[in-house]
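Trainee: Submitted below is the structure of interest, expressed as structure tokens.
The values are calculated or read from the model by the stated rules, or taken from the named source; none is laboratory data. Just so you know, these numbers come straight off a predicted model, no measurement behind them. Here the Cβ is made from the backbone with ideal geometry for all residues, glycine too, and neighbour counts use every protein chain on show.
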Amino acid sequence: MSATVDQPISVPSSIRKICCIGAGYVGGPTMAMIAKQCPHIEVHVVDINAARIAQWNSDELPVYEPGLLEVVSECRGRNLHFSTEVDSAIAEAEMIFISVNTPTKHFGVGAGRAANLEFIEKCARKIAEVARGHKIVVEKSTLPVRTAQAIKTILAGVSTGATFDVLSNPEFLAEGTAIEDLLMPDRVLIGGESQSAIDALVEVYANWVPPERLLTTNLWSSELSKLTANAFLAQRVSSINSISALCEATEADVDEVAAAIGMDSRIGPKFLKASVGFGGSCFQKDILNLVYLCEYFRLPEVAEYWEQVVKMNDYQKSRFVSRIVRTLFNTVSDKKIAIWGFAFKKDTNDTRESAAIYVCRDLLRERAKLSIYDPRVSPEHIRRELTDAMRNGDAELNATSAKLLAENVEIVSDIHVASSDAHAVALLTEWDEFREADFQRIHDGMKKPAFLFDGRNLLKDMSLSDYGFDYHGIGFSS
Ligand code: UDX
Ligand code: ADP
């Protein structure tokens with residue numbers, strides 16, 4: 001059985017009103033898809049950030065995702081609503097999704113590893129305060145295993161007589177393909193203890209997801225599966241990136257190696273693209289979370305094993321910078337470097353943990369002058385990310401970092417401006433438009449030799465040396 005976007009299958013569902021707390025990259029698109037596929041369900045997305053809600057109510061959505069605006073425009077005002085009315089939305093809903101951010105903790109116990117569950121806890125307390133009758137509470141945010149226990153404990157403390165079931169329903173969408181992933185998920189995972197609550201959520205998804213893709217498990221397996229899926233995916237990227245270093249030393253070509261091993265059906269071809277390093281809000285955070293859990297449960301060998309995936313990713317980013325510095329005659333001081341792309345991958349405006357942040361920070365520390373262009377990320381956002389990176393956990397920027405940010409960073413609105421008079425280009429996000437650049441014009445405008453460091457191997461097949469570029473990619477010797 002398969003469903004199309006236009007013809008939702010009508011399955012009777014006991015749920016008529018859903019509330020989602022958190023209108024971010026996960027909550028917004030997920031709820032828009034539920035509203036689209038379930039016209040009989042009222043979906044109310046709430047957030048404490050009024051500016052974000054205003055954007056969801058405009059045509060400039062806060063999240064850039066191909067196809068998202070169409071889905072939102074179809075449902076908004078019909079059965080999809082965005083507001084800051086957290087209390088009333090909770091009170092009216094039969095099912096409440098928690099989809100708030102769970103960043104890595106930067107302070108106190110578990111700093112740098114554990115997830116900061118402050119926002120989750122605040123949501124649970126808010127639900128406990130406002131809810132009446134029976135509610136199904138669904139964890140959508142990625143969480144450490146056994147967070148549901150904390151939510152249950154908080155909810156159990158209510159004196160209003162309200163009752164709750166807690167489900168885990170982790171989101172597996174990838175940014176840039178969120179709409180496709182939501183429309184045709186590989187699987188929807190629902191973990192819980194109450195069969196009736198599980199059935200209620202299964203009924204919602206059954207409006208468009210084939211039954212064989214609806215997987216139900218116990219609560220803890222569901223929580224752990226999300227962390228494990230992200231850890232395995234990140235591990236594949238770190239594995240191929242580790243081999244890319246060896247390829248550069250041995251004249252092997254990492255893309256050829258990836259193609260060869262990917263044809264083994266046990267390995268498979270996906271997620272084997274060597275790059276400047278993985279980014280995004282999930283991979284590093286989830287692995288660090290896994291590491292913290294393993295340490296907490298006194299499994300140091302397991303913790304160390306997974307931590308290596310993050311270490312390899314850090315190595316890949318710093319290796320990329322070292323290669324630029326080494327190739328530019330051991331100094332980039334006062335040299336202009338054009339940065340092509342700042343998002344953590346193409347087709348998103350998200351920069352969380354983007355490799356570009358760390359590459360730019362390290363180039364700045366080498367006193368390079370950066371001219372940055374990204375088609376979707378705003379200049380203010382790029383500056384904020386770089387400022388945070390240069391602060392390096394300190395409350396204030398030191399004088400040197402402040403000066404470097406003020407004098408050595410410009411953010412421009414096209415790659416030609418970025419590249420004009422540059423000593424080198426560093427391509428950090430695989431935006432399609434970079435393949436359509438006027439390479440002759442770019443080369444002519446650059447200082448010679450014109451170096452191009454391709455952190456995504458995006459331009460590898462484009463014979464850039466024919467234009468005169470000194471081209472360097474990942475995982476092969478130039
Ligand atoms: C990921 C998971 O894929 C998704 O299931 C989960 O819900 C959230 O985390 P996302 O972070 O949006 O999704 O992006 P993804 O496509 O997984 O890419 C993550 C990072 O790995 C990006 O920086 C990407 O450029 C990089 N990557 C991915 C590679 O470098 N090589 C690859 O082969 C694949
Ligand atoms: P994700 O990628 O997990 O969706 P985001 O940071 O994009 O994360 O979105 C999380 C959203 O949750 C933010 O818009 C934030 O304002 C919102 N949020 C955090 N805490 C609360 C809360 N207690 N009540 C309502 N919204 C919240």
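Trainee: Output the residues belonging to the range 355-404 that are in a strand (DSSP E or B) and either under 26 Å from MET312 (Cβ atoms) or of a type in the set (A, V, I, L, M, F, W, C) (or both).
Mentor: LEU370, ILE372
Trainee: Same structure, new question: Does the range 441-448 contain at least one residue that is touching a residue at least 60 places away in the same chain (Cβ under 8 Å), out of contact with any strand residue (DSSP E or B) (no Cβ under 9 Å at 6 or more places or on another chain) and not basic (Lys, Arg)?
Mentor: So far as the range 441-448 goes, no, none of its residues is touching a residue at least 60 places away in the same chain (Cβ under 8 Å), out of contact with any strand residue (DSSP E or B) (no Cβ under 9 Å at 6 or more places or on another chain) and not basic (Lys, Arg).
Trainee: Let me ask something additional. Any residue at all in the range 455-465 that's on the phi > 0 side of the Ramachandran plot, in contact with an Asp or Glu (Cβ under 8 Å, 6 or more places away or on another chain) and either not assigned by the TED database to the domain that holds THR387 or not aliphatic (A, V, I, L, M) (or both)?
Mentor: So far as the range 455-465 goes, yes, one or more of its residues are on the phi > 0 side of the Ramachandran plot, in contact with an Asp or Glu (Cβ under 8 Å, 6 or more places away or on another chain) and either not assigned by the TED database to the domain that holds THR387 or not aliphatic (A, V, I, L, M) (or both).
Trainee: Any idea which residue in the range 444-463 is farthest from the chain's Cα centre (by Cα), counting only those that are crowded, with 20+ Cβ neighbours inside 10 Å and not in a loop (DSSP other than H, G, I, E, B)? Break it down into steps so the answer makes sense when it comes.
Mentor: If we filter the range 444-463 for residues that are crowded, with 20+ Cβ neighbours inside 10 Å, which is where we start, we get 446, 450-459.
The next check asks that each one be not in a loop (DSSP other than H, G, I, E, B); those that pass are 451-454.
Working: PHE451: 30, LEU452: 27, PHE453: 24, ASP454: 21 Å.
Residue satisfying both the conditions and the ranking: PHE451.
Trainee: Residue under question is THR387, and the condition is that it be surrounded by 23 or more Cβ atoms within 10 Å (Cβ to Cβ) and farther than 21 Å from HIS423 by Cβ; does it hold?
Mentor: The answer is no for THR387.
Trainee: Residue check, ARG298 against (1) within 30 Å of LEU117 (Cβ to Cβ); (2) outside any helix (DSSP H, G or I); (3) within 8 Å of ligand 1 (Cβ to nearest atom), all met but one. Which one?
Mentor: The single condition ARG298 does not satisfy is (3).
Trainee: Going through LYS317, LYS285 one at a time, which residue ends up being under 25 Å from PHE172 (Cβ atoms), assigned to a helix (DSSP H, G or I) and of a type in the set (D, E, K, R)? Can you show your working first?
Mentor: Values: LYS317 fails: under 25 Å from PHE172 (Cβ atoms).
So the residue among LYS317, LYS285 that is under 25 Å from PHE172 (Cβ atoms), assigned to a helix (DSSP H, G or I) and of a type in the set (D, E, K, R) is LYS285.
For (1) modelled with pLDDT under 95; (2) within 17 Å of ARG236 (Cα to Cα), each residue gets a yes or a no:
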| residue | (1), (2) |
| --- | --- |
| VAL276 | no, yes |
| GLY279 | no, yes |
| LEU290 | yes, yes |
| LEU293 | yes, no |
| ARG298 | no, no |
| GLU304 | no, yes |
| GLU307 | no, yes |
| SER322 | no, no |
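Trainee: Among the residues of the range 440-478, how many are modelled with pLDDT under 95 and of a type in the set (Phe, Trp, Tyr)?
Mentor: So the answer is 0.
Trainee: Please give the number of the condition ASN101 fails out of (1) assigned to a helix (DSSP H, G or I); (2) within 12 Å of ligand 2 (Cβ to nearest atom).
Mentor: (1)
Trainee: For a quick check of your reading: which helices (runs of 4 or more DSSP H) sit entirely within the range 156-252 and have at least 1 residues that are loosely packed, with under 15 Cβ neighbours inside 10 Å and touching a Gly at 6+ places or on another chain (Cβ under 9 Å)?
Mentor: In the range 156-252, the matching helices (runs of 4 or more DSSP H) lie at 178-183, 219-250.
Trainee: Show the residue pairs meeting these rules: Cβ distance below 6 Å; 6+ apart or different chains; first residue within the range 348-359 and in the same structural domain as ILE382 (by the TED database) and more than 8 Å from ligand 1 (Cβ to nearest atom); second residue outside any helix (DSSP H, G or I) and polar (S, T, N, Q).
Mentor: If the second residue must be outside any helix (DSSP H, G or I) and polar (S, T, N, Q), the pairs left are ARG352/SER281.
Trainee: Taking only pairs six or more apart or across chains, which ones have beta-carbon atoms under 6 Å, a first residue in the range 269-295 that is under 16 Å from ASN116 (Cβ atoms), and a second residue that is within 13 Å of ligand 2 (Cβ to nearest atom) and in a helix (DSSP H, G or I)?
Mentor: Cβ pairs passing all conditions: CYS282/ASN230; ASP286/ASN230.
Trainee: Looking at the structure I just gave you, is ALA114 within 15 Å of ligand 2 (Cβ to nearest atom) and of a type in the set (A, V, I, L, M)?
Mentor: Criteria not met by ALA114.
Trainee: Please state which of the following conditions TRP208 fails to meet, knowing it meets all the rest: (1) within 16 Å of ligand 2 (Cβ to nearest atom); (2) at pLDDT 95 or above.
Mentor: It is condition (1) that TRP208 fails.
Trainee: Oh, and also: Taking into account only those residues within the range 127-151 that are buried (at least 18 other Cβ atoms within 10 Å of the Cβ) and among the charged types (D, E, K, R), which is farthest from the chain's Cα centre (by Cα)?
Mentor: Ranking the qualifying residues of the range 127-151, first place goes to LYS135.
Trainee: Another one. Which one is surrounded by the most Cβ atoms within 10 Å (Cβ to Cβ) among residues in the range 41-72 that are within 16 Å of ligand 1 (Cβ to nearest atom) and under 26 Å from VAL202 (Cβ atoms)?
Mentor: So, considering only residues that are within 16 Å of ligand 1 (Cβ to nearest atom) and under 26 Å from VAL202 (Cβ atoms), the one surrounded by the most Cβ atoms within 10 Å (Cβ to Cβ) is GLU65.
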